[in-house]
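See below for the structure under consideration.
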Amino acid sequence: MRIVTSHDTPHASLVPVSSGEACIPTPGSHPQEVRSFHGLALEAAKKFRSFFKDASGREPRAELLLTADQERLVSEWLGGPEGRQRVQRVSDRVISFLCSSIGHGHPGHDKRHVLFKDPIAGLRLALEEELSPCQELFILPSLLHDVGRLYEPTLFLKPQSGALGIDHAALGFFVTRQLIGDEFDTDSGSVELRIALANLRNEILNAVLDHQTGDSQRSFIAQAVQRADREQLVGYEMLHRSLAFDTGFFGLQMRGALLPERCHTLPLPGYPDDTHLFHHIEFYIRNLYPSIGSRANEHSDRGKIESGRFLWLASSPVMRAQIFAPEIARDMGREPSSGHFKKPLELRIWNAIKDYASNEVLQELTVLRGGRSLRELALAFVHPSHATRSDASGYENWGRIVTALDALQPLEKRRMGDGLSYGLKLGAEVERADREIVASAIARFGGEPASVLGKVARLVRDLPA
Ligand SMILES: [Fe+2]
């Protein structure tokens, strides 16, 4: 039986995949070196896609995915000395590469996203479900999914936004391939085990390459990676990242932009008409792909409610009417007119948003604000733990955020103060919940020295500020 792999490194001398020593430029390497690595990555990703995808071009070929029997074989292998040792080596390489590169993370795709929030979301999934040792390996592509983002400033002078940043997935795929090297090629096992390990490797590579799409519904590993990442597109995490990244790098405005078409359509993130921060945040609460896991909806609903409450609190009445036009029309018993492309929020989500801003809550937010100026609030808001400073030298991000704040009208400034105060309150709650998840993960997975999840939980716990 032939084992199907895609070991097709175009320049094996530059990027050996069989020695276990990965020749990967760090994001701070010479730009020429990064550019040639980028070229190799695009070429390799294209080949991998045509090898891995079925005729639809979206879903994996069934024979290249792990079957239940293959997954059992891999899990057994992971319990033995060879599997344990090899996965230890891969995870050590992944962690040390990320730790040495993460200093190049920019606001939005930084230490907080890559080594803190995304792994915490992954650990929560692992705590909520009964995963096999094979399935637990999803945490490795999850850690690596955005590693390609770290190269964007070197390649394109500035980070890429939303759906336009597609090259980072190919770069991440290529980095992952080098870090795995030949660790999933074993000579000592059965042919069945070797096929299973080849498929494990395929699924891991595909998970990084496909993490931004809604594809790969048949691969648990890809879906788990997508879930951890998607959870960062709603709720507190999305709010502070949007301000730091989308306003900070791309100048998305906050001043009321009254556009009648925004009552029923939204721009795609990263496209030229994606110019307003609120509609950018709104896009994800209306269009979040569904995730896997028994508690996936609970988490995404909470995130949508948090994003929605911020939008409600931070908007002037006319912007509220524009953002929540489909829900307000439904409340008034009106059918959406034809050409309505904004999916109405589920009723319970909408009710949790609009009923939140009671007098008590507004008073609490005033107390929390503690007389701080809008700039002081925004500065605290964009800098939760482990976030890259938006006001660091080399970035003009803070200047753009200040410009957007200064453009607000007096009523909008008051509302934005409420929104940011709410965001800070939320941030403190999220921080507490995150610490609990990490502690539970250490208690559950940390006792087994070979556990990759335990290793990741300790990494997150001990992450230097
Ligand atoms: Fe991400």
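Nothing in this text is a laboratory measurement; each read-out follows from the coordinates by a stated rule. Please read all numbers here as calculations on a predicted model, not as lab measurements. Cβ coordinates were reconstructed from backbone atoms using ideal geometry, including for glycine residues, and neighbour counts include every protein chain displayed.
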**Complete:** Rounded to the nearest 500, the 222 nm mean residue ellipticity computed for the chain from DSSP H runs (n ≥ 4, each -39500 (n - 2.57)) alone is -17500 deg cm²/dmol
**Item:** Under 28 Å from K47, Cα to Cα: lysines that are on another chain or at least 8 residues apart
**Value:** K158
**Asked** Can you give the charge dipole size of the chain about its Cα centre, rounded to the nearest 20 debye, using +1 on the beta carbon of Lys and Arg and -1 on the beta carbon of Asp and Glu?
**Response** 920 debye
**Prompt:** So, with +1 on the Cβ of K and R and -1 on the Cβ of D and E, and no other charges, what is the size of the charge dipole of region 392-456 about its Cα centre, to the nearest 20 debye?
**Reply:** 80 debye
**Message:** Taking the 0 to 90 degree range and rounding to the nearest ten, how far is the long axis of helix 191-209 tilted relative to the main principal axis of the chain, both from C-alpha atoms?
**Reply:** 30 degrees
**Dipole moment magnitude, nearest 20 debye, region 356-465 about Cα centre, only Lys, Arg, Asp, Glu C-beta charged** = 120 debye
**Prompt:** Given F97, S219, C134, which one lies farthest toward the positive end of the charge dipole of region 31-230, if we put +1 on the Cβ of every Lys and Arg and -1 on the Cβ of every Asp and Glu?
**Reply:** F97
**Message:** Can you give me the angle between helix 31-52 and the longest principal axis of the chain, using Cα atoms only, in degrees from 0 to 90, rounded to the nearest 10?
**Reply:** 80 degrees
**Prompt:** Mind ordering 37-48, 287-298 by average Cβ neighbours within 10 Å, highest first?
**Reply:** 37-48, 287-298
**Asked** Under 17 Å from the Cα of K46, which aspartates and glutamates turn up, not counting those fewer than eight places away in the same chain?
**Response** D8, D54, E59, D167, E203, D210, D215
**Fill in**
Using eta = 1.567 mPa s and T = 4 °C, Stokes-Einstein with Kirkwood Rh from Cα pairs puts D for the chain, in µm² s⁻¹, at 56 µm²/s
**Message:** Strictly greater than 24 Å: what percent of every Cα pair in region 234-434 meets that?
**Reply:** 38 percent
**Relative counts (whole %) of C-alpha pair distances in region 249-351, using bins that are 5 Å wide** = 2, 12, 23, 24, 20, 12, 5, 1, 0
